[in-house]
Amino acid sequence: MGVFFQDLKFLCKKSKGKVAFPEIIDRRILQAINDMLREDTLDELVVLPPTGELLKLARDAACDDILAKKDKLFSIQEEQPDFEGQVFAFLKKNLKDKPWTEEALNELAANPLYQAGYLLAKGRVDCVLAGAIHASPDVIRAALRTIGKAQGVRAVSGSFLLERDEKVLLFADCGVNVDPSEDDLVTIASESVKLWQHMPPLARQEPKVAFLSFSTKGSAKHAHANKMIAATKKFQALYPDIPADGELQFDAAFDREIGERKAPGSAVVGSANIFIFPDLDAGNIAYKITQRLAGFAAYGPILQGLRLPYSDLSRGATVHDIVACTYINLLRARSFLQATSLRNA
């Protein structure tokens, strides 16, 4: 386990939070909860089924720490018998811009993804994680319909934090936007910088953004490269204090010697830590190659641009990945809370 993960665990021990997992039936989720309860990094686990059901699942999965710390479990159905009706009323009000039948709204209100989103919207939990079972589009739709996008955000995106030993990199977008426009790329980059700056173990290191391409500084001429050039210029104009450059090939952004040959004078070559990919093909393939061949742990996709931390999980996530993603989102919840306090001041 890398230094970044250990820092996350230490910070979550100091400031525990409340989490909801809509996919409690998945054994990896149960084991992750078990591990976090053993480490004393959770304050509360708000569960959707009755506590008895969860304890039976825990016994079957040999999750002894869940059984030993059942006082940390709160069943929302037991706490609020009319819970599903509350979710229905909330969705009916929130989704009034589109025609929904009563039957369709009832179906959504019974869906754990929407129930968890309601809990987050109402402040009952600090964060939600789903995606171990459900596909990303289902998770994202539930998040958008319950908590919505953050103010002024153009595009929701999915980043991965990749860790090996003492090195941490951020790749985006790896999970949402198939063919982002140059303006979408600016939003993806700005939200990635925000994630980096709001994550205490990372904030000690200055974010440096590389807009990636198959071309470096005009080495090839193509509309795809031009998109990254335009996105870089727009980002630099909006955020002049954040080191950023593009278009850059990955080797130029990552390796100083190569970067100084290909892009002399660049502020990020050899030291970039946030990598913005031109499309979902490139981003998704790149993070999986980095994970499987280079031995990096991959935490995400962390959904960026939402009003509150409702985040995705890869369906291939390990127990360790789920624990790390939970810690990341618990720490993100602090920054969301601080931003809300500042707006309301």
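Observations, loosely collected:
- Residue match in segment 22-38 (condition: among the basic types (Lys, Arg), modelled with pLDDT of 90 or more and within 27 Å of residue 135 (Cβ to Cβ)): yes
- Residue in segment 287-305 that is over 15 Å from residue 172 (Cα atoms), touching a residue at least 40 places away in the same chain (Cβ under 8 Å) and in a strand (DSSP E or B) present: yes
- Helices (runs of 4 or more DSSP H) completely within segment 158-248 that count 3 or more residues being modelled with pLDDT of 95 or more: 182-197, 223-238
- Residues (outside any strand (DSSP E or B) and of a type in the set (S, T, N, Q)) located in segment 306-331: 314, 318, 326, 329
- Some residue of segment 44-56 being more than 19 Å from the chain's Cα centre (by Cα), free of Cβ contacts under 8 Å to residues at least 12 places away in the same chain and over 28 Å from residue 136 (Cβ atoms): yes
- Every residue from segment 89-116 that is free of Cβ contacts under 8 Å to residues at least 12 places away in the same chain and farther than 26 Å from residue 19 by Cβ: 96, 97, 98, 99, 100, 101, 102, 103, 104
- Residues that are exposed (fewer than 14 other Cβ atoms within 10 Å of the Cβ) and either in contact with a strand residue (DSSP E or B) (Cβ under 8 Å, 6 or more places away or on another chain) or among the acidic types (Asp, Glu) (or both) within segment 41-74 comprise 50, 60, 64, 71, listed in sequence order.
- Enumeration of residues in segment 121-139 that are assigned to a helix (DSSP H, G or I) and buried (at least 24 other Cβ atoms within 10 Å of the Cβ): 139
- Residue in segment 75-88 that is in a loop (DSSP other than H, G, I, E, B), surrounded by fewer than 18 Cβ atoms within 10 Å (Cβ to Cβ) and of a type in the set (Asp, Glu) present: yes
- As a summary of the residue check, residue 321 satisfies the conditions (1) assigned by TED's automatic domain parsing to the domain that holds residue 134; (2) closer than 12 Å to residue 162 by Cβ; (3) crowded, with 24+ Cβ neighbours inside 10 Å except for the one numbered (3).
The values are calculated or read from the model by the stated rules, or taken from the named source; none is laboratory data. Keep in mind the model is a prediction, meaning the values are calculated, not measured. Heads up, the Cβs are rebuilt from the backbone with ideal geometry, glycines too, and the neighbour counts pull from every protein chain shown.
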